[in-house]
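The values are calculated or read from the model by the stated rules, or taken from the named source; none is laboratory data. Note that the structure is predicted; figures quoted are calculated from it, not measured. A quick note on method: Cβ atoms are made from the backbone with ideal geometry, for glycine too, and the neighbour counts reach across all protein chains shown. These accessible areas exclude ligands, DNA and RNA; they are computed on the full protein's heavy atoms, side chains included. Shrake-Rupley method; radii C 1.70, N 1.55, O 1.52, S 1.80 Å.
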Amino acid sequence: MRSHLCAATPTLYILWITMAQVAGQEDREKTTALKDLLSRIDLDELMKKDEPPFTFPKTLEEFEYAFNEHGQLRHIKTGEPFVFNAREDLHRWNQKRYEALGEIITQYVYELLEKKCNMTKAFLPVDATEDEPTSFIYRSPDALSNPSKLLVLIQGSGVVRAGQWARRLIINQDLDSGTQIPFITRAMEEGYGVMVLNPNENYLEVEKPAKSSPLPSPTEPSDEPAEKRERKDDKEGKKKREFYEKYRNPQKETETERIPIRENGSSEEHVLYVWDHFVSKAAAKNVFIMAHSYGGLSFVELMNQREMQVKNRVCAVALTDSAHNIWLQETSKGTQDWMQQHCCNWVSSSEPLDTPLDPMLPDCPRVSAGTERHELTSWMSFTSIFRFFSEVLEAKEDEEAEETSNTVTTRSSSLKNKHQDL
């Protein structure tokens, strides 16, 4: 019995070594596969492996949200405000969901401009061909024909489009604070024609064509028979695929490229283009401009390019937390002096509304918007801005009436003197 065990021991020992070698080989192959995987994607990408697909509703109804009678976005079933963190620990997915809702909000605001405000689109460039990308602005029916007053609205930078001041306010607060609709409605009631600019619609985004797979690099000739080499490659490939399946690649965002819109490739270009092709051709004797944040910078750039035209046509400019800088934008002394007389900038501040603040640069007066939140400065200054416009217009009309009276008096006196001479 002992002799049989002794004879079997070397055999068992060899079998154990063989099994250990096989296991070690498998471990090495797994380690190699893991290193290969980690070399392809970073740790952040691995963390996204359980992300749900970026497939979101296309309408407010499908999102199960609606605006109530107060213009607040609420869940149809619960009545609760919008919840950003719909899924915990999935920030990228939550952000994509928020952006998808934002695109629906943009279309919703366009509908309000057309149905509630009776505005229509004017496409840019005005001479666009059928196959080139275009943008647009909104204008009231009398925007070009109103002989008295025209109001031009210029938003800030970012994702907002025509008719919006801040997407965050529309979603989390209400339509009045986040859109330009109250300004449009008030302006129309007071006899203004209105133009709503769209300075962030600068390009057409299209999906990039799929890249062709590179040709395999030539390998060193092997002494192994081709059939054996193919079986070996298939075996290694299958192992890698099975291993990758456990750590599936996270979903990739679609790669896109941007085709700029001719002569409207930036906010500054857009404002200049709309001035040249629309505002300068409007019949209004008095042009008023309201610009928020980066829109203020674009307005100052317009002054740099069309200084005399702006001075001759624009009656007053209301800025809200404007991003302009007369030094960096190298404005002329004449522009700075004109801004001192015709502009007012409502800025974020803890001071009460309309409280005068120290000027940071020698351009235009600064007053408090009554809020420390940048995106709220336009809405909080709503009443003050229209009062400012009315006061400036009244002062201008009084001055013109006085000049007319002086002209008539001078002419009458001249005729009287001539009569006496005769």
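At-a-glance table
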| item | result |
| --- | --- |
| Residue within the range 183-199 that is farther than 28 Å from His324 by Cα, part of a loop (DSSP other than H, G, I, E, B) and modelled with pLDDT of 95 or more present | yes |
| Residues (of a type in the set (S, T, N, Q) and in contact with a strand residue (DSSP E or B) (Cβ under 8 Å, 6 or more places away or on another chain)) located in the range 173-198 | Thr179, Gln180, Asn198 |
| Those residues of the range 276-299 which are open to solvent by less than 10 Å² (accessible area, probe 1.4 Å) and either assigned to a helix (DSSP H, G or I) or at pLDDT below 95 (or both), in sequence order | Val279, Gly295, Gly296, Ser298, Phe299 |
| Failed condition for Phe388, given (1) under 30 Å from Arg168 (Cα atoms); (2) open to solvent by less than 20 Å² (accessible area, probe 1.4 Å) | (2) |
| Strands (runs of 3 or more DSSP E) contained entirely in the range 306-381, each with at least 3 residues that are open to solvent by 50 Å² or more (accessible area, probe 1.4 Å) and touching a helix residue (DSSP H, G or I) at 6+ places or on another chain (Cβ under 8 Å) | none |
| Selection status of Asn249, at pLDDT below 95, closer than 30 Å to Pro359 by Cβ and not hydrophobic (A, V, I, L, M, F, W, C) | no |
| Given (1) assigned to a helix (DSSP H, G or I); (2) out of contact with any Cys (no Cβ under 6 Å at 6 or more places or on another chain); (3) open to solvent by less than 50 Å² (accessible area, probe 1.4 Å), number of the condition Glu403 does not satisfy | (3) |
